[in-house]
Amino acid sequence: MAKMTLLEMVQDIMSDMDSDDINSINDTVEALQVAQIIKSTYYNIIDGKDFPFLYETFQLESSGTNARPTHMGIPETIIDLKTLNYNCKKLTDTKDKYKEILYKTPEDFLYILNQRNSSESNVTTVTDTTGISLLIYNDRGPQYFTSFDDDNLVFDSYDSAVDSTLVAAKTQCHGKRSVAFTLLDTFTPDLPVQMFTYLLAEAKSTVFVTLKQMANPKAEQVSTSQRRRMAQEAWKLKNGITYPNYGRRASMKGKPNY
């Protein structure tokens, strides 16, 4: 099955229901109800499994102020950070030196920083947005990071001889992005082409039970078959992809769950 727009899926389902023909999901109350069910079904599918297609590479956002040189932001579209590397190349280096930055819990991160001597020239006292003081090394690339609020990352060091702050372009990240579903005729759900049969069948089964108060055995059969297929799907890599859990955000606005 090829990818389908929301209108095409609503028309397909309403045809099976022997409902009136429509040219827009806004033509009838029933059509809009079907569209809403497709939307709910889509989110149920997305939330039900850690699909590889939702992962992408990205870069962090710089703090934008020299007052917090080791603070960086996570893009709003990212809900799960898996891997974080930073280019720790020094002025005397002739090639890039990307290193994996290790996550520490806020408690462990503060413990590490509090062992440093604030009177030494290579230690800068940085005031966090909450007002607490952080003892940051200023003569080396970062080694550790944490998050106090699930939106901003704080690193333990930066090399002031190279940059005045950590730089977004020097980050390499991999993580899970969020998805959105828009109730527009032309909207195409963010899914691989092989999952559209599953979405349509699952939504069709739900529509018949919800709006017609009757089961659709054929739709349920297809839905069950596609659900099993998705559970065993190897996608484009044999046996799927396994990711280490370096850090994660429970939701876009949730608390950290690293």
Projected label distance in nm at residue 50 and residue 3, using a 7 Å step from Cα toward the beta-carbon: 2.6 nm
Potential lengthening between residue 59 and residue 118 on full extension [0.36 nm per residue; Cα-Cα distance subtracted]: 18.2 nm
Size-normalised alpha-carbon gyration radius of segment 115-181, reference 2.2 N^0.38 Å: 1.32
Qualifying aspartates and glutamates (Cα of each under 19 Å from Cα of residue 97; at least 8 residues distant if same chain): 139, 156, 159, 163
Leading residue at positive end of dipole, segment 54-177 (Cβ point charges), from 106, 118, 132: 118
Computed lengthening from residue 32 to residue 83, 0.36 nm per intervening residue step minus Cα-Cα distance: 14.3 nm
Segments 119-129, 80-90, 102-112 sorted - mean Cβ within 10 Å per residue, highest first: 80-90, 102-112, 119-129
Reference-scaled alpha-carbon Rg (2.2 N^0.38 Å with N residues) for segment 54-177: 1.01
Candidates per GluC sites (Glu not before Pro) in segment 8-103, loop by DSSP, up to 14 other Cβ within 10 Å: 76
Inter-label distance for residue 139 and residue 107, nm, one decimal - labels placed 7 Å from Cα along Cα-to-Cβ: 3.2 nm
Label point 7 Å beyond Cα of residue 96 along Cβ direction - residues of segment 157-189 with amide nitrogen under 16 Å: 167-174
Gap separating the Cα centres of segment 157-201 and segment 117-142, nearest whole Å: 32 Å
Phi to ³J(HN,Hα) by Karplus 6.51 cos²θ - 1.76 cosθ + 1.60 over segment 168-185, Hz, x for Gly, Pro: 4, 5, 9, 9, 10, 10, 9, x, 9, 9, 7, 10, 9, 10, 10, 7, 10, 3
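Just so you know, all these numbers are worked out from the coordinates, no wet-lab data involved. Please read all numbers here as calculations on a predicted model, not as lab measurements. Cβ sites come from the backbone with ideal geometry, for glycine too, and all protein chains shown count toward neighbours.
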